[in-house]
Amino acid sequence: MKKAALFLYFTICTLSLIFAQNENPCDSLQPNRFVMRSTLYGIGYTNILDTYLSPAEYTGAEARIVHERMRMTRMMKGRVSTQSLLQANIAYTENNSDTGNELSGLVNWSYGLHYHFQINEHLKILAGGLGELNGGFIYNTRNSNNPAQAKAYINLSASGMAIYKFRIKNRPFTARYQINIPFAGLMFSPEYQQSYYEIFTLGNHSGIIQFTSLHNQPSIRQLLTLDIPISTATLRIGYVGDIQQSKVNQIKCHTYSHAFMLGFVKNFYLIKQKDKLNARSPY
């Protein structure tokens with residue numbers, strides 16, 4: 001456990017030092033960034049399994065919100081952008097026999113950096129990494145003992161993105177695909193059949209924080225969007241594919257979510273007048 005925590009600590013510190021060497025110390029204070037903001041709302045379908053609560057899968061509808069902010073930086077000669085991505089979802093599901101229901105929710109916040117590779121005038125490839133925080137719950141209406149399960153985990157994730165710009169009847173469109181894959185993290189999980197009373201009242205904390213990687217948390221988050229100009233606004237339609245899986249402390253969990261998203265994009269400059277021509281879009 002201590003080795004896992006030290007590994008994550010030194011990884012984060014190393015990444016911070018690498019990027020700090022390429023960044024102007026006053027960079028964050030200089031208002032010369034092109035900023036893209038978007039907020040999407042959506043509904044979809046989810047499949048949930050948590051063997052701490054039930055051996056059965058629960059399926060149903062979910063509602064989701066995604067808020068994103070991207071901006072360019074001065075790092076590596078202006079080829080690096082930051083991304084802040086906040087997602088929240090809530091779902092109400094039932095088992096196949098219609099004898100039980102689950103209410104679940106999860107909030108995910110990620111922040112990271114991407115390096116831009118300009119392939120041609122239309123296509124741009126971004127590669128980088130993200131740090132992720134996740135917190136949520138699952139409540140099973142059928143259980144009397146252990147009716148709820150808390151979700152809390154952090155990850156370091158590899159991230160890639162493809163952005164393609166094109167025109168239809170001289171109107172600019174932008175298509176984007178992003179994929180995030182966690183490769184190292186820490187997860188809170190009780191032991192199988194261990195109650196929260198034992199953890200928080202009796203103080204049985206041993207083994208409730210576990211190191212996670214591809215072997216016990218093979219997960220993937222995908223985001224596909226299309227930006228469509230409408231008059232003076234930009235409409236964004238999208239798809240979120242959120243596949244979360246884990247097998248920790250003999251508890252098998254998964255959440256398979258697919259959601260259709262709709263919202264608007266706002267692009268604006270936070271610049272000094274003299275720097276206006278030097279501003280670069282993360283798109």
remark   = Being of a type in the set (S, T, Y) and farther than 23 Å from T39 by Cβ narrows T201, T174, T234, T225 down to just T201
Filter pass, A148 being among the small types (G, A, S) and more than 20 Å from A56 (Cα to Cα) = no
ask   = Can you name every residue in the range 79-92 that is surrounded by fewer than 21 Cβ atoms within 10 Å (Cβ to Cβ) and either closer than 18 Å to F260 by Cα or touching a Leu at 6+ places or on another chain (Cβ under 9 Å) (or both)?
value = V80, T82, L86, A88, I90, Y92
request  = From S157, S213, grab the single residue that is more than 21 Å from N267 (Cβ to Cβ), in contact (Cβ under 8 Å) with a residue 12 or more places away in the chain, in contact with a Phe, Trp or Tyr (Cβ under 8 Å, 6 or more places away or on another chain) and surrounded by fewer than 19 Cβ atoms within 10 Å (Cβ to Cβ).
outcome  = S213
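Every residue, every condition in (1) of a type in the set (S, T, N, Q); (2) modelled with pLDDT of 95 or more; (3) touching a helix residue (DSSP H, G or I) at 6+ places or on another chain (Cβ under 9 Å), yes or no:
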| position | (1), (2), (3) |
| --- | --- |
| S213 | yes, yes, no |
| I220 | no, yes, no |
| T225 | yes, yes, no |
| T232 | yes, no, no |
| I237 | no, yes, no |
| G241 | no, yes, no |
| V248 | no, yes, no |
| H258 | no, yes, no |
message = Can you find a residue that is among the hydroxyl-bearing types (S, T, Y) and under 28 Å from T174 (Cβ atoms) anywhere in the range 122-140?
response = no
ask   = Which of the residues that make up the range 167-190 are of a type in the set (D, E, K, R) and in contact with a strand residue (DSSP E or B) (Cβ under 8 Å, 6 or more places away or on another chain)?
value = R167, R171, R176
inquiry  = Could you list, ordered by first residue, the pairs with Cβ atoms under 8 Å in which the first is in the range 256-283 and loosely packed, with under 12 Cβ neighbours inside 10 Å and the second is at pLDDT below 55 and among the charged types (D, E, K, R), at least 6 apart or interchain?
reply    = none
Test: residue in the range 266-277 that is among the aliphatic types (A, V, I, L, M), more than 30 Å from L53 (Cβ to Cβ), part of a helix (DSSP H, G or I) and at pLDDT below 90 = yes
task = Could you check, for the range 35-51, whether at least one of its residues is farther than 22 Å from G131 by Cβ, buried (at least 17 other Cβ atoms within 10 Å of the Cβ) and of a type in the set (F, W, Y)?
result = no
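The values are calculated or read from the model by the stated rules, or taken from the named source; none is laboratory data. A quick note: this is a predicted structure, and the numbers were derived from the prediction, not measured. When we count neighbours, we look across all protein chains shown, and the Cβ atoms used for this are built from the backbone with ideal geometry, even at glycine.
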